[in-house]
Amino acid sequence: MKNLLFASGNQHKIEEINAVLAPLGYQVKGLQELGVEKDIPETGTTLDENAAIKATYLYQEFGQDCFADDTGLEVDALQGAPGVYSARYAGQPKSDTKNMAKLLTALKNAASRKAQFRTVICLVEGGEKHFFEGVVKGNIANEPVGSAGFGYDPLFIPENGILTFAQMTTSEKNQISHRARAVADLVEYLSNKR
């Protein structure tokens, strides 16, 4: 098995990606396994920049191939906001509830509620960067519905759907999610290298 470091402390996300990459001969190790306790600063102004900052940090620290992701909710009526600032849209400390409340207030009189979730993965392999992107389009609900998921999931209804991400099971969401699509592109790239 070849180690592939992942700039994430989210154990659920690490297990999910490990399950997909293990058959390709990769063992994914997250920040906790690597003993990295501090948050890697996300100082970029785009999702691509933040993913690259996190992946480059790990590569410089450990000298092994690694990847990082960054995700944002991009709302048409808000010219793509909250975007790269999605997690801290309502300020610090991060609060999903406050972020959703701020978003609903911002969309109160909006003619369109179209939005998309976008995930960017940056893989640093032998010092070289490769980017993979996943997008799922949809609409923002009028109020939060559902208790599964996290972030803006209770407000996001994927295109042609009637349920929010927070009303879906993890496996239902993973079949269509932005992260799943970005990971699928990463998997395809790594598969072709075998």
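We did not get these values from a lab; they are worked out from the coordinates using the rules stated. Just so it is clear, the structure is predicted and the values come from calculations on it, not from any experiment. We place every Cβ from the backbone using ideal geometry, glycine too, and count neighbours over all the protein chains shown.
Here are some notes:
- Rounded to 0.05, the FRET efficiency of the Ala22 and Ala81 pair, given R0 = 41 Å and the Cβ-Cβ distance, is 0.65.
- Radius 11 Å from Cβ of Leu58, net charge of other residues (Lys, Arg +1; Asp, Glu -1): 0
- With Cα atoms, 0 to 90° folded angle of helix 178-192 axis to the chain main axis: 20
- Positive-end residue of Val124, Asn139, Ile40, charge dipole of the stretch 38-194 with Cβ unit charges: Asn139
- Between Ala148 and Ser191, the simple label model (points 7 Å from Cα in the Cβ direction) yields a spacing of 2.4 nm.
- Its DSSP H runs of at least 4 residues, each contributing -39,500 (n - 2.57), put the calculated 222 nm mean residue ellipticity of the chain at -10000 deg cm²/dmol, to the nearest 500.
- Based on C-alpha pairs under 8 angstrom that are at least 6 apart in sequence, the chain has a relative contact order of 17 percent.
- Cα-centred dipole magnitude for the stretch 62-165, charges only on beta-carbon of K, R (+1) and D, E (-1), debye, nearest 20: 560
- If you take all other residues with their beta carbon under 12 Å from the beta carbon of Lys129, and give Lys and Arg +1 and Asp and Glu -1, the sum is -4.
- For the peptides 109-117, 121-129, the ranking by mean Cβ contacts within 10 Å, running from highest to lowest, is 121-129, 109-117.
- Crossing angle, helix 96-106 versus the chain [Cα axis fit, 0-90 degrees, rounded to tens]: 50
- Per-residue HN-Hα couplings for the stretch 7-24 [Karplus 6.51, -1.76, 1.60; θ = phi - 60°; Hz; x = Gly/Pro]: 6, 8, x, 7, 4, 4, 5, 5, 4, 4, 6, 4, 4, 7, 8, 4, x, 8
- Sequence-distant contacts, meaning Cα pairs under 8 Å at least 6 residues apart, place the relative contact order of the stretch 1-106 at 21 percent.
- Total charge dipole magnitude, the stretch 2-192, about the Cα centre, Cβ charges on Lys, Arg, Asp, Glu only, Debye to nearest 20: 580
- Gained length - Ala110 relative to Glu15, 0.36 nm times residue gap less alpha-carbon distance: 30.3 nm
- Taking 0.36 nm per residue of sequence separation and removing the Cα-Cα distance, the Thr43/Glu133 pair yields an extension gain of 30.4 nm.
- Net charge of neighbours whose Cβ lies under 12 Å from the Cβ of Ala141, counting Lys and Arg as +1 and Asp and Glu as -1: -1
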